[in-house]
Amino acid sequence: MPQSLAQVHVHLIFSTKNRMPFLVDAELRKEMHAYLASVMKAYEAPAQIVGGTADHVHILSTLSRTTTIAKVIGEAKRNSSKWIKTKGGNLQLFQWQNGYGAFSVSFSKITEVREYISNQMNHHGKLSFQEEYRLFLRKHGLDFDEAHVWD
């Protein structure tokens, strides 16, 4: 087969370091989501949607055939962290957590995942980020050590 084709969708989740609520302001959060989407696009892993709350983000992305998940997330975190620090004030202290979650998404579930991500503010009225993340890990059959999941 002379042509390489791929369509791999992934739901990415990561939080601010120690889940500090740096993104409380709705306008700043919207800007951060747009900035993350622009970085994802630059690394040929376009974000279909970016959402989240004051302390974490969710990204539904189509992965590049040539760039690893780790590279894309690393660049998204690095670039967005540098960008937000230019906003001044306490944002000079902004950091993302070291780790991330990456969960495969079936083509048939894309609409469901988009809706889930777009509804984050309502969703987190009932559930903390840590509770949500533990549910994702269990749902996807990932063993984890509680001592090494959070930073």
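The values are calculated or read from the model by the stated rules, or taken from the named source; none is laboratory data. Just so it is clear, the structure is predicted and the values come from calculations on it, not from any experiment. Counting neighbours? That spans all protein chains shown, and the Cβs are built from the backbone with ideal geometry, glycine included. Ligands, DNA and RNA are excluded from the accessible area calculation, which covers all protein heavy atoms including side chains. Shrake-Rupley method; radii C 1.70, N 1.55, O 1.52, S 1.80 Å.
Before moving on, here are some points about what is shown:
- Net charge of Cβ neighbours under 14 Å - reference Ser104; Lys, Arg +1; Asp, Glu -1: +1
- Gyration tensor verdict on the stretch 12-151 (Cα atoms; rounded if a/c is under 1.5, prolate if a/b is larger than b/c, oblate otherwise): rounded
- Dipole magnitude (debye, nearest 20) for the chain, charges at Cβ of Lys, Arg, Asp, Glu: 300 debye
- Rounded accessible area per residue of the chain, 1.4 Å, Å²: 56 Å²
- In the chain, Cα pairs under 8 Å separated by at least six residues give a relative contact order of 31 percent.
- Considering only His9, Trp83, Thr68, the residue lying farthest towards the positive end of the dipole of the chain is Trp83, judged by Cα position with unit charges set on Cβ.
- FRET efficiency, Arg138 to Gln7 (Cβ-Cβ, R0 30 Å, nearest 0.05): 0.65
- Sulfur and carbon atoms: percent of accessible area, the chain [1.4 Å]: 52 percent
- Pairs of lysines in the stretch 4-151 (C-alpha under 15 Å apart; 8 or more residues apart or interchain): 8
- When the Cα atoms of the stretch 92-151 are aligned to their principal axes, the ranges along those axes come out at 36, 30, 22 Å in descending order.
- Where Ser61, Ser106 fall by accessible area, highest first, once all protein chains stay in place (1.4 Å): Ser106, Ser61
- FRET efficiency estimate (nearest 0.05) - Cβ-Cβ, Lys30 to Ser104, R0 25 angstrom: 0.35
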